[in-house]
Amino acid sequence: MTESFRRSGEYPQGDHQQSAYSEQPYAQPYASPENPTTSSVNPEWPPPPAYEPTQPGAAPTALLTEPVSPAAPRQRAKGPLALLAAVAIAAAAVGGGTAYAFQQLTGSDTVASSSTSTSVVPASKKGTVAGVAESVSPSIVEISAASNAGSSTGSGVIITTGGEIVTNNHVVSGASQIKVQLSNGKSYTATVVGTDSKKDLALIKLDDAPSGLTAATLGDSDAVKVGDQVVAIGSPEGLTGTVTSGIVSALDRDVTVSTDESQGQQQQQQGGGGGQWPFEFGGQQFNGDTGSSTTTYKALQTDASLNPGNSGGALIDMNGNIIGINSAMYSAADATSSTAGSVGLGFAIPINTVKADLDTLRAGGSDS
């Protein structure tokens, strides 16, 4: 048994190979009066420091030849890393809920963003329109924009708990006053932070944002595929929180819209909702004349029902992530605002375009 503890060079005394557990060279200081040559102390117990042998060249016992393990210091050093790892695991488990929690901790103007594989819908309702509607509806608002020319209705998406809301530029274009109605029915005034007519985007913010706002989670529109199921939520014709569903019909559609603020005022005079903004697609104009000042962007095409007032609302994947901001719908050329309806041709600005434009919008936008 003693040889299993012996190491090369452990006993420099040559042939005098002493057991690690018997005839310890420093056992004598612990001898008892009855047996002055035998230690009464268990040889496996390490002797107190005050009696540690000082014989030069004496080899330590096998129990002390192993270096002191630095495991404890390493564990302390890894403490913060272990915490971060635990948080990362929790993030993977609960998806958008964790992103929202981080948003609450890091600041009210932090945007929750995730991949399309991250689900903010409860597991029991994942992949259902009802689950998406229940999870995301609290983040969708109705926007009423008023000007000297009249008023119009559109939709918007809450992106931070501090009250930042993304919508279409044409929803608030030319507005002198903006009122936002939350999903709970309460209304607040809002101020335009920045607009980007070239992308038909605008950022507004509630003047006195209440606590407890639910911010949407922005997904990854680059991961969207034709045929993916989607849900649209908005306020068509002032019907707050209307939910429709469909699929992504096509990607990268070139949609041309007006950048002229007077077009918005003209639509307000005609009583049209935000969804009736004139646009061009495939060389044809719809919902009126876009005018001479236009811009073209790449859009997601969907057959989810969109109607006047859906503009600025959300196009959502089945995990509850926002993948687009609804911006235009096709109406028959001879349709009036009272008879216009969805024919399954709607367009949304990809959410990655929105995310890339947020810093510009927060700085006042490209139109400032």
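Every condition in (1) open to solvent by 10 Å² or more (accessible area, probe 1.4 Å); (2) in contact (Cβ under 8 Å) with a residue 24 or more places away in the chain; (3) among the hydroxyl-bearing types (Ser, Thr, Tyr); (4) not in a loop (DSSP other than H, G, I, E, B) is met by Ser183 except one, and the failing one is (4).
Looking at this structure, is Ile165 of a type in the set (Val, Ile, Thr), crowded, with 22+ Cβ neighbours inside 10 Å and under 24 Å from the mean Cα position of the chain (by Cα)? Answer is yes for this residue.
Right, Thr189: in a strand (DSSP E or B), hydroxyl-bearing (Ser, Thr, Tyr) and within 21 Å of Ile349 (Cβ to Cβ) or not? So Thr189 does not fit the description; no. Residues in the stretch 126-154 that are open to solvent by 30 Å² or more (accessible area, probe 1.4 Å), at pLDDT 95 or above and of a type in the set (D, E, K, R): Glu134 only. Evaluate the following for Ser113: is it modelled with pLDDT of 95 or more and of a type outside the set (A, V, I, L, M, F, W, C)? No; evaluated as a whole, the condition is false for this residue. Taking the criterion of being of a type in the set (Ser, Thr, Tyr), assigned to a strand (DSSP E or B) and surrounded by 24 or more Cβ atoms within 10 Å (Cβ to Cβ), the residues of the stretch 194-246 that qualify are Thr195, Thr217.
The residue that is farthest from Ala314 (Cα to Cα), counting only those in the stretch 168-180 that are part of a strand (DSSP E or B) and either hydrophobic (A, V, I, L, M, F, W, C) or open to solvent by less than 10 Å² (accessible area, probe 1.4 Å) (or both), is Ile178. When only residues in the stretch 202-244 that are hydroxyl-bearing (Ser, Thr, Tyr) and over 23 Å from the mean Cα position of the chain (by Cα) count, which is farthest from Val172 (Cα to Cα)? Among residues in the stretch 202-244 that are hydroxyl-bearing (Ser, Thr, Tyr) and over 23 Å from the mean Cα position of the chain (by Cα), the one farthest from Val172 (Cα to Cα) is Thr244. Considering (1) crowded, with 22+ Cβ neighbours inside 10 Å; (2) over 25 Å from the mean Cα position of the chain (by Cα), the lone condition that Ser249 does not fulfil carries the number (1).
The values are calculated or read from the model by the stated rules, or taken from the named source; none is laboratory data. Source: prediction; values computed, not measured. All Cβ positions, glycine included, derive from the backbone under ideal geometry; neighbour counts span all protein chains shown. Calculation scope for accessible area: heavy atoms of the full protein, side chains included, ligands and nucleic acids excluded. Shrake-Rupley method; radii C 1.70, N 1.55, O 1.52, S 1.80 Å.
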